[in-house]
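J.: First, the structure itself, so that you have it in front of you.
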């Protein structure tokens with residue numbers, strides 16, 4: 001049996017350790033964290049946060065727009081009033097200007113602290129200014145999931161990992177991305193959290209799993225839309 | 001007299017232990033580590049500990065470390081002096097209740113475990129259990145056993161690997177010490193049931209030696225079940241399932257009853273919780289922040305109340321109590337609990353900026369503009385270079 005040494009595969013993963021944000025594929029979970037009927041009765045107006053991604057991924061504005069379009073379409077179809085992400089973006093922009101931009105010339109106040117302050121205050125302000133019931137977060141996230149012999153299955157998706165070299169049988173963990181849609185109430189309690197598999201972030205070269213170049217990721221519009229729809233399918 | 005009676009009880013326990021623990025006696029080797037296998041085990045464990053220590057979640061606090069050392073000294077006396085080994089402790093900022101032993105005598109302790117115990121006897125029950133794993137060389141023994149069985153040997157406790165995993169976001173294959181499916185290995189890791197029972201029993205003997213009431217071991221182990229709040233599917237809660245916690249509590253209960261039935265047994269006096277809270281005070285504050293992040297508001301408050309019993313003048317703790325209430329109910333409309341706590345913080349330090357800000361923010365939400373303006377202006381006066389100063393100025397314009 002031609003078996004890829006697990007050590008080599010794991011070493012490949014270790015090289016890509018920065019990609020990995022979560023430990024493993026969770027078993028399929030019920031997306032509603034509260035009773036679905038209660039959710040539908042109580043939460044009528046949902047504000048969207050601007051779509052986002054884990055830092056490793058470079059997400060273009062067009063990909064962000066696709067995410068928002070799909071989520072908005074589903075929510076509207078189900079009878080919810082949707083506040084677009086531009087509302088929160090606008091508050092963030094206003095506050096970023098108030099702190100003199102994201103980079104500070106003053107000593108002792110880092111841009112990271114300012115950015116955190118803007119994020120926190122903007123969300124609080126969104127609730128203060130607008131009569132909303134919930135906030136939806138859309139994010140493309142990176143996970144590490146188990147795989148076997150170039151086949152990987154996670155978050156409702158089953159696919160083959162691109163590879164060069166002959167067929168091999170092995171077990172390893174691989175980095176993948178998923179679209180995550182989460183809806184929170186005013187207390188930041190999760191009401192709905194759904195994961196939909198997007199694409200593998202690695203390919204196999206002989207006995208090594210290697211990260212795919214970042215600019216080769218998130219290029220398949222059909223896949224992105226499908227994952228976005230799947231993440232809100234239960235709504 | 002009491003000491004003599006306790007010693008009798010200890011001897012009886014020790015005699016029972018000798019039968020239970022005849023697989024490998026506690027360190028009798030003339031040199032340590034004893035064999036090449038054990039050398040390698042120590043090296044791997046040490047490598048793991050180094051990664052943990054360099055990873056950012058370990059916190060050093062000399063006061064807490066000294067307190068834990070003093071408890072261990074009470075338990076061990078001079079019984080391990082001949083080994084030339086000094087116990088060491090690594091404190092990890094993590095709200096999950098967990099502790100583990102490296103094979104060379106370093107004990108890992110997570111902040112969540114320290115904080116959830118109600119007194120030093122309860123913490124002593126867990127600490128003595130882990131010290132016993134070290135004294136009985138359980139990790140080495142299990143490695144040898146698994147080798148004999150032809151399995152890949154687990155070396156360090158899986159709990160230690162979990163602590164490392166928490167901070168790296170992924171299980172480190174090197175730290176886990178074997179290749180293959182890490183999750184599968186997790187499920188089969190942990191000390192054997194027999195070794196866990198031995199450690200439980202020896203732990204009781206050490207508690208008695210330290211003058212701790214052994215009955216406190218029961219609530220200590222019951223606390224371990226509380227990990228479920230950090231996620232039902234979280235493997236970190238496995239501490240409480242290997243072997244089944246209920247079985248261990250039953251077994252401990254029996255051991256305690258047996259010890260108490262011995263002629264001349266005298267129960268140690270109840271442990272004073274305040275002594276314990278004083279010893280671990282900085283950890284109470286660190287873990288309250290973590291529980292706040294985890295949205296475990298009640299737990300965070302409980303830790304802060306313990307902290308305030310011994311450090312009532314700390315504005316930071318009062319402020320954090322306020323934060324637990326505010327974050328639990330961020331839109332109000334009743335902010336009396338959070339505002340009360342912010343006021344208490346300000347009574348301790350009238351220039352405590354975070355309390356001024358949040359007081360102002362809650363007044364703003366209640367449309368009490370004059371009060372909001374006053375508090376936010378004070379905030380800016382106290383911390384004019386705050387990262388959010390510009391935003392607060394914007395609020396003040398709106399409050400005119």
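J.: Would you mind finding the one in A:137, A:118 that is within 22 Å of the chain's Cα centre (by Cα), modelled with pLDDT of 95 or more and farther than 16 Å from residue A:188 by Cβ?
T.: A:118
J.: Next up: Would you point out the residue of region B:350-380, among those that are crowded, with 16+ Cβ neighbours inside 10 Å and outside any helix (DSSP H, G or I), that is nearest to the other protein chains (Cβ to nearest Cβ)?
T.: B:368
J.: Taking only region A:190-206 into account, find how many residues are surrounded by fewer than 18 Cβ atoms within 10 Å (Cβ to Cβ) and more than 26 Å from residue A:66 (Cα to Cα).
T.: Counting residues in region A:190-206 that are surrounded by fewer than 18 Cβ atoms within 10 Å (Cβ to Cβ) and more than 26 Å from residue A:66 (Cα to Cα) gives 2.
J.: If you go through region B:323-349, how many residues are surrounded by 15 or more Cβ atoms within 10 Å (Cβ to Cβ) and either free of Cβ contacts under 8 Å to residues at least 24 places away in the same chain or over 24 Å from the mean Cα position of the chain (by Cα) (or both)?
T.: Step one: filter region B:323-349 for residues surrounded by 15 or more Cβ atoms within 10 Å (Cβ to Cβ), giving B:323-330, B:335, B:337-339, B:341-342, B:344-346, B:348-349.
Checking the rest, the ones that are also either free of Cβ contacts under 8 Å to residues at least 24 places away in the same chain or over 24 Å from the mean Cα position of the chain (by Cα) (or both) come to B:325-330, B:335, B:337-339, B:341-342, B:344-346, B:348-349.
So the count comes out to 17.
J.: For region A:68-86, give me each residue that is within 15 Å of residue A:47 (Cβ to Cβ) and surrounded by 17 or more Cβ atoms within 10 Å (Cβ to Cβ).
T.: A:68, A:71, A:72, A:75, A:80, A:82, A:83, A:85 - these are the residues of region A:68-86 that are within 15 Å of residue A:47 (Cβ to Cβ) and surrounded by 17 or more Cβ atoms within 10 Å (Cβ to Cβ).
J.: With a cut-off of at least 1 residues that are surrounded by 19 or more Cβ atoms within 10 Å (Cβ to Cβ) and modelled with pLDDT of 80 or more, name the helices (runs of 4 or more DSSP H) lying wholly within region B:124-225.
T.: Details: elements: B:138-148, B:158-168, B:173-176, B:182-188, B:193-209, B:217-223.
Fully inside region B:124-225 and qualifying: B:193-209, B:217-223.
J.: Go through (1) within 30 Å of residue A:47 (Cβ to Cβ); (2) at pLDDT below 95 one by one and return the number of the condition residue A:106 breaks.
T.: (1)
J.: Need the failing condition index for residue B:266 against (1) over 27 Å from the mean Cα position of the chain (by Cα); (2) farther than 30 Å from residue B:202 by Cα, just the number.
T.: Single failed check for residue B:266: (2).
J.: Among the listed residues A:126, A:191, A:201, which satisfies the condition of being in contact with a strand residue (DSSP E or B) (Cβ under 8 Å, 6 or more places away or on another chain), closer than 30 Å to residue B:365 by Cβ, more than 12 Å from chain B (Cβ to nearest Cβ) and touching a residue at least 60 places away in the same chain (Cβ under 8 Å)?
T.: Of the residues listed, the single one that is in contact with a strand residue (DSSP E or B) (Cβ under 8 Å, 6 or more places away or on another chain), closer than 30 Å to residue B:365 by Cβ, more than 12 Å from chain B (Cβ to nearest Cβ) and touching a residue at least 60 places away in the same chain (Cβ under 8 Å) is A:191.
J.: Moving on to the next point. Looking at region B:101-123 only, could you name the residues that are modelled with pLDDT of 90 or more, over 11 Å from the mean Cα position of the chain (by Cα) and buried (at least 24 other Cβ atoms within 10 Å of the Cβ)?
T.: Matches in region B:101-123: B:120, B:121, B:122.
J.: So which of B:326, B:301 is within 12 Å of another protein chain (Cβ to nearest Cβ) and in a helix (DSSP H, G or I)?
T.: Every option except B:326 fails the conditions.
J.: Which numbered condition trips up residue A:175, out of (1) farther than 24 Å from residue A:64 by Cα; (2) in a strand (DSSP E or B); (3) within 13 Å of chain B (Cβ to nearest Cβ)?
T.: The failed condition is (1).
J.: I need the full set of residues from region A:37-58 which are more than 29 Å from residue A:218 (Cα to Cα) and touching a residue at least 40 places away in the same chain (Cβ under 8 Å), in order please. Lay out the reasoning, then the answer.
T.: Within region A:37-58, the first condition is being more than 29 Å from residue A:218 (Cα to Cα), and the residues that meet it are A:37-45.
Listed by number, the residues that qualify are A:39, A:42, A:43, A:44, A:45.
J.: Might you check whether a residue that is modelled with pLDDT under 85 and either within 17 Å of residue B:280 (Cα to Cα) or more than 27 Å from the chain's Cα centre (by Cα) (or both) occurs anywhere in region B:62-82?
T.: yes
J.: Please pick out the residue among B:114, B:97 that is in a helix (DSSP H, G or I) and touching a helix residue (DSSP H, G or I) at 6+ places or on another chain (Cβ under 6 Å).
T.: Being in a helix (DSSP H, G or I) and touching a helix residue (DSSP H, G or I) at 6+ places or on another chain (Cβ under 6 Å) holds for just one of B:114, B:97, which is B:114.
J.: Given the criteria under 22 Å from residue A:84 (Cβ atoms) and either crowded, with 18+ Cβ neighbours inside 10 Å or more than 10 Å from chain B (Cβ to nearest Cβ) (or both), does residue A:155 qualify?
T.: Against the criterion (under 22 Å from residue A:84 (Cβ atoms) and either crowded, with 18+ Cβ neighbours inside 10 Å or more than 10 Å from chain B (Cβ to nearest Cβ) (or both)), residue A:155 does not qualify.
J.: Kindly indicate the residue of region B:381-398 that is over 16 Å from residue A:95 (Cα atoms) and in contact with a helix residue (DSSP H, G or I) (Cβ under 7 Å, 6 or more places away or on another chain) and also nearest to the other protein chains (Cβ to nearest Cβ) among those meeting that condition.
T.: Let us first name the residues in region B:381-398 that are over 16 Å from residue A:95 (Cα atoms), namely B:381-384.
In the following step, the residues that additionally are in contact with a helix residue (DSSP H, G or I) (Cβ under 7 Å, 6 or more places away or on another chain) were identified as B:382-383.
Numbers: B:382: 14, B:383: 10 Å.
This residue is B:383.
J.: When residue A:148 is evaluated against the numbered criteria (1) surrounded by fewer than 19 Cβ atoms within 10 Å (Cβ to Cβ); (2) under 28 Å from residue A:208 (Cβ atoms); (3) more than 12 Å from chain B (Cβ to nearest Cβ), which criterion, by number, is the only one it fails?
T.: (3)
The values are calculated or read from the model by the stated rules, or taken from the named source; none is laboratory data. Since we're looking at a predicted model, the values are computed, not measured. All Cβ positions, even for glycine, are placed from backbone atoms using ideal geometry, and neighbour counts span all protein chains on display.
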